[in-house]
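Engineer: There's a structure below that I have some questions on.
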Amino acid sequence: MENFKINTKKYHISTYGCQMNVYDSEVLSGYLENMGFMPTEKEEDADVLIINTCAVRKKAEEKVFSLLGKLRPLKKKNPGILIVLWGCMVQQESIAQKVKERYGFVDLVAGTHSLGRFPDLLEKARVSPRTVLDLEIGEEREHLPIKRGHQIKAWVPISHGCNNFCSYCIVPYVRGPEKSRPPQNIINEVRELVNDGYREITLLGQNVNSYGKDLEQEISFADLLNTLDRLEGRFHIRYMTSHPRDFSEKLIRTIQQSQKICEHFHLPLQSGSNKVLKLMNRGYTREYYLELVAKIRDLVQNSAVTTDIITGFPGEEEKDFEETLDMLEKVRFDAAYTFVYSPRKGTKATEMEGQVTSDIKKKRIIILNELQSRISMEVNQQLLGTEQVVLVEGRSKTDPNVYTGRTRTNKIVHFSTSEKNLLGMLVNVDITEAKSWTLTGNYKNIS
């Protein structure tokens, strides 16, 4: 890529979707900065403009096509800019072909398996008069360059792909089958990050619980966590995402006995109806889920449980929705990330009978969100007057005296202080105000 090194060139990356996409964008940034590029916040100033896409919901795809429409005049004005469409959305061959046919000004279209080939693909796109398309399966994901997006928090993938095939989910089709990283590579990466001053490590996988099942070495996710917990240094370990079906007691006890693993359990419920859960191919019942949460709360005191819920799944009748509301009341989640069901071409749910109308979906998600907002408020109000240990993540963009951080249970805490340079520090904060999604308090001292 010698042509790119003559002058200081700039790049811009827009990222949609999950934390794995954020990580992939950090790798793309690492490649580009190794080539001599510098980041820019302005699309119009970029020499390379990358859109890292998501395929989980239709809305994310619509945003990308809307953005492409806006970029057409930019490409016409500046023909030298390289426009790259990357990731999950274009791993779907029909979408990739649509982009190639209707948005011919896009220089490179590459899917989730192309990360290790990025420099070569970018060079091909630079010299090609037509859109370069790369949807090949199989990739090298180790020892890639990376430009971390945060000073104290880092993403560390432990596996790629998914074998679960939930009936609504496109991820196994675009990310491929599950593949665990070698444990020593993960351990070395985490150790290096901690030595570099990172204070929070989040382990990533479509289903972290099934880590190691495809490796010759006998190792489970609990074993990996236990090893990482024993590394030297003062830092927090988080992980996402867990599947309730295989969240074992061994894993719960590993977290209970750990020093560094945060007491935050994100367990996507998706529905409170056994009928809908079966249609979703989730592999558990509401009764199993309630027992799992009870076991977690019994063994790990003062833990937080959050979830994901989909409303309007095909076949969801009013009584099924009421069972989901009942689960919110029974479990009393600290928070819930809620979504309206979005049909994804190629998944089984798209072909199911009993598709729910848009109006009913919207009505149900409003009711769901109102209930969860009340529950989250009530849960957080129990923390009024308590002292919480907070890992400081940064300052407020509007007030330099206000810091933001998170507790081990993933509660966002805002607090004011005249203290300088608290980034990455563990501090004690007295909680004085509780809202549904945030806490506010008074800075006390460094923990």
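Engineer: Being at positive phi and surrounded by fewer than 17 Cβ atoms within 10 Å (Cβ to Cβ) is the filter here, so list the residues in segment 162-186 that pass it.
Structural biologist: Phe165
Here is a yes/no grid of residues against (1) at pLDDT below 95; (2) of a type in the set (A, V, I, L, M); (3) part of a helix (DSSP H, G or I); (4) crowded, with 21+ Cβ neighbours inside 10 Å:
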position: Val22; (1), (2), (3), (4): no, yes, yes, no
position: Leu28; (1), (2), (3), (4): no, yes, yes, yes
position: Glu33; (1), (2), (3), (4): no, no, yes, no
position: Asn52; (1), (2), (3), (4): no, no, no, yes
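Engineer: What is the one condition in (1) crowded, with 20+ Cβ neighbours inside 10 Å; (2) within 28 Å of Arg406 (Cβ to Cβ); (3) not charged (D, E, K, R) that Leu279 does not satisfy?
Structural biologist: Of the numbered conditions (1) crowded, with 20+ Cβ neighbours inside 10 Å; (2) within 28 Å of Arg406 (Cβ to Cβ); (3) not charged (D, E, K, R), the odd one out for Leu279 is (2).
Engineer: Do you know which residues across segment 97-121 are closer than 24 Å to Gly69 by Cα, touching a helix residue (DSSP H, G or I) at 6+ places or on another chain (Cβ under 8 Å) and assigned to a helix (DSSP H, G or I)?
Structural biologist: Listed by number, the list holds a single entry, Val99.
Engineer: Also: Can you tell me which residue in segment 36-50 is farthest from the chain's Cα centre (by Cα), limited to those that are of a type outside the set (Gly, Ala, Ser) and buried (at least 19 other Cβ atoms within 10 Å of the Cβ)?
Structural biologist: Once the filter is applied, the top-ranked residue is Asp47.
Engineer: Still on this model: If you go through segment 389-442 one residue at a time, how many are touching a Ser or Thr at 6+ places or on another chain (Cβ under 9 Å), farther than 22 Å from Glu378 by Cβ and assigned to a loop (DSSP other than H, G, I, E, B)?
Structural biologist: Residues in segment 389-442 being touching a Ser or Thr at 6+ places or on another chain (Cβ under 9 Å), farther than 22 Å from Glu378 by Cβ and assigned to a loop (DSSP other than H, G, I, E, B): 4 in total.
Engineer: Can I ask one more? Confirm whether Phe265 is closer than 30 Å to Leu368 by Cβ and crowded, with 19+ Cβ neighbours inside 10 Å. Even if it seems obvious, please write down each step before you answer.
Structural biologist: Values: closer than 30 Å to Leu368 by Cβ: yes; crowded, with 19+ Cβ neighbours inside 10 Å: yes.
When the stated conditions are applied, Phe265 passes them.
Engineer: Could you say which residue among Val340, Val331 is in contact with a strand residue (DSSP E or B) (Cβ under 8 Å, 6 or more places away or on another chain) and over 22 Å from Gly17 (Cα atoms)?
Structural biologist: Details: Val340 fails: over 22 Å from Gly17 (Cα atoms).
Answer to the selection: Val331.
Engineer: How do the pairs read when you match residues in segment 341-362 that are at negative phi with residues anywhere that are surrounded by fewer than 16 Cβ atoms within 10 Å (Cβ to Cβ) and among the aromatic types (Phe, Trp, Tyr), using Cβ under 9 Å and keeping only pairs 6 or more apart or on different chains?
Structural biologist: Thr347/Phe165; Lys348/Phe165
Engineer: Restricting to segment 122-156, and then to whatever is of a type in the set (Lys, Arg) and in contact with a strand residue (DSSP E or B) (Cβ under 9 Å, 6 or more places away or on another chain), can you tell me which residue is surrounded by the most Cβ atoms within 10 Å (Cβ to Cβ)? Outline the logic, then answer.
Structural biologist: Step one: filter segment 122-156 for residues of a type in the set (Lys, Arg), giving 124, 126, 130, 141, 147-148, 153.
Of the ones still in play, those that are also in contact with a strand residue (DSSP E or B) (Cβ under 9 Å, 6 or more places away or on another chain) are 124, 126, 141, 147-148, 153.
Working: Lys124: 14, Arg126: 16, Arg141: 15, Lys147: 16, Arg148: 16, Lys153: 20.
Ranking the candidates gives Lys153 first.
Engineer: Hey, another quick one. Just the residues that are closer than 30 Å to Arg234 by Cα, assigned to a loop (DSSP other than H, G, I, E, B) and hydrophobic (A, V, I, L, M, F, W, C), please, taken from segment 122-156.
Structural biologist: Across segment 122-156, the qualifying residues are Leu144, Ile146, Ile152.
Engineer: Next question, about the same structure. I'm told Thr307 meets every condition in (1) touching a Leu at 6+ places or on another chain (Cβ under 6 Å); (2) surrounded by fewer than 20 Cβ atoms within 10 Å (Cβ to Cβ) except one. Can you identify the failing condition by its number?
Structural biologist: With respect to (1) touching a Leu at 6+ places or on another chain (Cβ under 6 Å); (2) surrounded by fewer than 20 Cβ atoms within 10 Å (Cβ to Cβ), Thr307 is out only on (2).
Engineer: Give the residue that is farthest from Lys98 (Cα to Cα), with candidates limited to residues of segment 51-83 that are within 19 Å of the chain's Cα centre (by Cα) and of a type in the set (A, V, I, L, M).
Structural biologist: Among residues in segment 51-83 that are within 19 Å of the chain's Cα centre (by Cα) and of a type in the set (A, V, I, L, M), the one farthest from Lys98 (Cα to Cα) is Val56.
Engineer: In segment 368-388, which residues are touching a Ser or Thr at 6+ places or on another chain (Cβ under 6 Å) and of a type in the set (Gly, Ala, Ser)?
Structural biologist: Hits for segment 368-388 are Ser373, Ser376.
Engineer: Is one or more of the residues making up segment 421-431 surrounded by 15 or more Cβ atoms within 10 Å (Cβ to Cβ), closer than 19 Å to Asp334 by Cα and at pLDDT 95 or above? Let's see the steps before the verdict.
Structural biologist: Keep residues of segment 421-431 that are surrounded by 15 or more Cβ atoms within 10 Å (Cβ to Cβ), which gives 422-429, 431.
When the remaining residues are screened for being closer than 19 Å to Asp334 by Cα, the result is 431.
Next, from what is left, pick out any that are at pLDDT 95 or above: 431.
Within segment 421-431, one or more residues are surrounded by 15 or more Cβ atoms within 10 Å (Cβ to Cβ), closer than 19 Å to Asp334 by Cα and at pLDDT 95 or above.
Engineer: Can you name the strands (runs of 3 or more DSSP E) wholly within segment 168-279 that have at least 2 residues being in contact with a helix residue (DSSP H, G or I) (Cβ under 7 Å, 6 or more places away or on another chain)?
Structural biologist: Filter on segment 168-279 gives 200-204, 236-240.
Engineer: Take the residues in segment 71-117 that are closer than 29 Å to Glu142 by Cβ and charged (D, E, K, R); name whichever of them is surrounded by the fewest Cβ atoms within 10 Å (Cβ to Cβ).
Structural biologist: Out of the qualifying residues, it is Glu93.
Engineer: Looking only at segment 377-397, count every residue that is farther than 18 Å from Gln259 by Cα, within 26 Å of the chain's Cα centre (by Cα) and not small (Gly, Ala, Ser) and tell me the total. Can you show your working first?
Structural biologist: The first filter runs over segment 377-397 and keeps only residues farther than 18 Å from Gln259 by Cα, leaving 377-387, 392-397.
If we keep only those that are within 26 Å of the chain's Cα centre (by Cα) too, we end up with 377, 379-380, 392-397.
From the residues that got through so far, the ones that are not small (Gly, Ala, Ser) too are 377, 379-380, 392-393, 395, 397.
Residues in segment 377-397 being farther than 18 Å from Gln259 by Cα, within 26 Å of the chain's Cα centre (by Cα) and not small (Gly, Ala, Ser): 7 in total.
Engineer: Would you mind telling me which numbered condition in (1) touching a Phe, Trp or Tyr at 6+ places or on another chain (Cβ under 9 Å); (2) farther than 30 Å from Tyr173 by Cα Ala60 fails?
Structural biologist: All conditions are met except number (2).
The values are calculated or read from the model by the stated rules, or taken from the named source; none is laboratory data. As the structure is a prediction and not an experimental result, all values here were calculated from the model. Backbone-built Cβ (ideal geometry, glycine too); neighbour counts: all protein chains shown.
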